1. Does region A:81-91 contain at least one residue that is under 25 Å from B:Ile53 (Cβ atoms) and free of Cβ contacts under 8 Å to residues at least 40 places away in the same chain?
2. Report, by residue number, each residue of region A:13-58 that is more than 17 Å from A:Thr72 (Cβ to Cβ), more than 9 Å from chain B (Cβ to nearest Cβ) and more than 15 Å from the chain's Cα centre (by Cα).
3. Just the residues that are under 15 Å from B:Ile45 (Cα atoms) and in a helix (DSSP H, G or I), please, taken from region B:91-105.
4. Given the condition within 14 Å of chain B (Cβ to nearest Cβ), outside any helix (DSSP H, G or I) and of a type in the set (Lys, Arg), answer yes or no: does some residue in region A:89-105 qualify?
5. Starting from region B:47-59, keep only residues that are modelled with pLDDT of 95 or more, then list their pairs with residues that are open to solvent by 20 Å² or more (accessible area, probe 1.4 Å) and β-branched (Val, Ile, Thr) whose Cβ atoms are within a distance under 7 Å, requiring at least 6 positions of separation or different chains.
6. Using the structure shown, decide if B:Gly49 is within 12 Å of another protein chain (Cβ to nearest Cβ) and over 19 Å from A:Gly116 (Cα atoms).
7. Residues A:Gly21, A:Gly62, A:Gly114, A:Gly58: which one is farther than 16 Å from A:Cys137 by Cα, surrounded by 18 or more Cβ atoms within 10 Å (Cβ to Cβ) and either in contact with a Cys (Cβ under 7 Å, 6 or more places away or on another chain) or not basic (Lys, Arg) (or both)?
Amino acid sequence: MDHKRITFIIESDMQNAPLIGMSVNRLCLAAAFSTIEAFNIELCVVEAITNSIRHCYGGKVGHEVKVVLTFTKADIVLDICDIGPPMERDLLDRAVIQCPVGDNDNIESIAEGGRGLAIIKEIMDSVVYRSEGGENCLTLRKKLPVKEET
Amino acid sequence: MEIRQETINHVAVLSLEGRLDASSARDIKEKVSSLSRENRINLVIDMAGVDFIDSSGLGSLVSSLRTVNKLGGDIKISALQDQVRAVFELTRLHRIFGIYDDSTAAAMRF
């Protein structure tokens, strides 16, 4: 089998997001990602889970968030899935890191939230969202580190 | 998230321990709001003990900065771990917060 796969399911409670985040981090380290890359992938998974809980489930517990991690020969692929109202259609396309101006006069113009998807897009090689049959999945993909020849 | 408070150079220093994420973001906002009601509006947030931050954690710092900024205060950040510093830089928020190597250096800048 070319793929290795593990599925995590958590209840929609923010306290549970680190359980998957830390697990993904360790698996990334085992796959030879650097410490910073593993941290960044953990960050993306936590952001996606937080989005699911906050936006699909309105921050309420009692629902499920499923994360499927797949190692292919070339990539790590993470599907973060929820069941409920889908994300606004062009939200992913519009997500970009804003460039704040560096003085305190403009603090009010700096958004408190809304950075999650932009962070994910900045870190991962590809980000795709799909909604089918009531299930919504955000698919994140990152190329595996190139192994050095010995 | 644990928050420990001390005073350096008459500045309140909040030392955070743990993950600053969606489940702990409210803690820091509430702590800063509480201090601002006592007119303690120049603060250092020492993040030596923070090994993870996400956009919710960053949002709580932006919100806290707004709170004290309205009253004429400021927040300086100290002792970021490398990965956490990288998230500040990725989101360009290192341009908004004064970032220092340690809390004493940060407190002395007020």
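1. Yes.
2. A:Arg26, A:Leu29, A:Ser34, A:Tyr57, A:Gly58
3. B:Leu93, B:His94, B:Ser103, B:Thr104, B:Ala105
4. Within region A:89-105, none of the residues are within 14 Å of chain B (Cβ to nearest Cβ), outside any helix (DSSP H, G or I) and of a type in the set (Lys, Arg).
5. The qualifying pairs do not exist here.
6. The answer is no for B:Gly49.
7. That would be A:Gly21, the only listed residue that is farther than 16 Å from A:Cys137 by Cα, surrounded by 18 or more Cβ atoms within 10 Å (Cβ to Cβ) and either in contact with a Cys (Cβ under 7 Å, 6 or more places away or on another chain) or not basic (Lys, Arg) (or both).
Matching residues to (1) touching a residue at least 60 places away in the same chain (Cβ under 8 Å); (2) out of contact with any strand residue (DSSP E or B) (no Cβ under 7 Å at 6 or more places or on another chain); (3) over 19 Å from A:Ile110 (Cβ atoms); (4) more than 9 Å from every other protein chain (Cβ to nearest Cβ):
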| position | (1), (2), (3), (4) |
| --- | --- |
| B:Glu17 | no, no, yes, yes |
| B:Lys31 | no, no, yes, yes |
| B:Ser34 | no, yes, yes, yes |
| B:Val62 | no, yes, no, no |
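The values are calculated or read from the model by the stated rules, or taken from the named source; none is laboratory data. As the structure is a prediction and not an experimental result, all values here were calculated from the model. Here the Cβ is made from the backbone with ideal geometry for all residues, glycine too, and neighbour counts use every protein chain on show. Calculation scope for accessible area: heavy atoms of the full protein, side chains included, ligands and nucleic acids excluded. Shrake-Rupley method; radii C 1.70, N 1.55, O 1.52, S 1.80 Å.
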